[in-house]
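Student: What follows is a single structure, and I will ask about it in a moment.
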Amino acid sequence: MTAPGGARPGVVVVVRAALLRALLLGLCWWAVSEGDPSMRGYGVVLVAAVTAVTFALAPARRRSPRLAHRAVPTLSLAGWFLWRSVLGGADVALRAVRRPVRTDPVVLEHRLSLPPGAPRVVCATLSSLMPGALSVHLADDVLVLHVIDRALPAREQVDALQRRIAAVLSA
């Protein structure tokens, strides 16, 4: 198993990577199977097989020092995103039970400042789970959003999301 750059990772690196991957995949399996004990046998086989496949797709390598620097902004983005998702779900639930239903939909075009490619796609994808917003289209640096109520701070939310994504990229 050769790492990028031709260097072979040490046994400790490979074992650590295998255990971490298996743990994460096992947690995913447990969640998908809803913790059903009768599914453990399938889970063990599938987790082992998928862990092996991940090594073919992404071989173990020594940790990059950048990875540690990215951990804080990545966790910050994840926490912020989860909180915004909870707020979005609560907003939708409240709108569903309130009478009259309060909506004033609008389609907004918002210019993104993130670099082209994956950062913009991530921003468009994550913006769909913010309160009252749905990304409709992404063309070059323009994100088109459908917003359920024009009073919602959709532009500010997208800008905050961009700042957090940029922090992960620059770490």
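The values are calculated or read from the model by the stated rules, or taken from the named source; none is laboratory data. What you see is a predicted model, and the numbers here were worked out from it, not measured in a lab. Heads up, the Cβs are rebuilt from the backbone with ideal geometry, glycines too, and the neighbour counts pull from every protein chain shown.
Student: Can you pull out the residues in region 149-165 that are crowded, with 20+ Cβ neighbours inside 10 Å and over 14 Å from residue 84 (Cβ atoms)?
Tutor: None; the set is empty.
Student: Okay, moving on. Could you please tell me which pairs satisfy a Cβ distance under 8 Å, a separation of 6+ or placement on different chains, a first residue in region 107-131 that is surrounded by fewer than 17 Cβ atoms within 10 Å (Cβ to Cβ), and a second residue that is in a loop (DSSP other than H, G, I, E, B) and not aromatic (Phe, Trp, Tyr)?
Tutor: Listed by first residue and then by second, the contacts come to 111/141; 113/141; 116/140; 116/141.
Student: If you check 95, 70, which single one turns out to be in a helix (DSSP H, G or I), out of contact with any helix residue (DSSP H, G or I) (no Cβ under 7 Å at 6 or more places or on another chain), surrounded by 14 or more Cβ atoms within 10 Å (Cβ to Cβ) and charged (D, E, K, R)?
Tutor: That would be 95, the only listed residue that is in a helix (DSSP H, G or I), out of contact with any helix residue (DSSP H, G or I) (no Cβ under 7 Å at 6 or more places or on another chain), surrounded by 14 or more Cβ atoms within 10 Å (Cβ to Cβ) and charged (D, E, K, R).
Student: Return a yes/no flag: does region 28-40 have any residue that is loosely packed, with under 13 Cβ neighbours inside 10 Å, charged (D, E, K, R) and assigned by TED's automatic domain parsing to the domain that holds residue 154.
Tutor: no
Student: List the pairs whose first member sits in region 132-160 and is under 11 Å from residue 108 (Cβ atoms), whose second member is outside any strand (DSSP E or B) and modelled with pLDDT of 95 or more, and whose Cβ atoms are under 6 Å apart, counting only residues at least 6 apart or on separate chains?
Tutor: As it stands, the answer is 143/112, since those pairs meet every condition given.
Student: Among 82, 27, which is within 23 Å of the chain's Cα centre (by Cα) and at pLDDT 90 or above?
Tutor: Unique residue meeting the criteria: 27.
Student: Additional query: Check whether at least one residue in region 128-137 is polar (S, T, N, Q) and at pLDDT 90 or above, and report yes or no.
Tutor: Yes, region 128-137 contains a residue that is polar (S, T, N, Q) and at pLDDT 90 or above.
Student: Turning to a different aspect of this structure: Examine region 101-111 for a residue that is farther than 25 Å from residue 166 by Cα and charged (D, E, K, R), and state whether such a residue exists.
Tutor: Yes - at least one qualifying residue is present in region 101-111.
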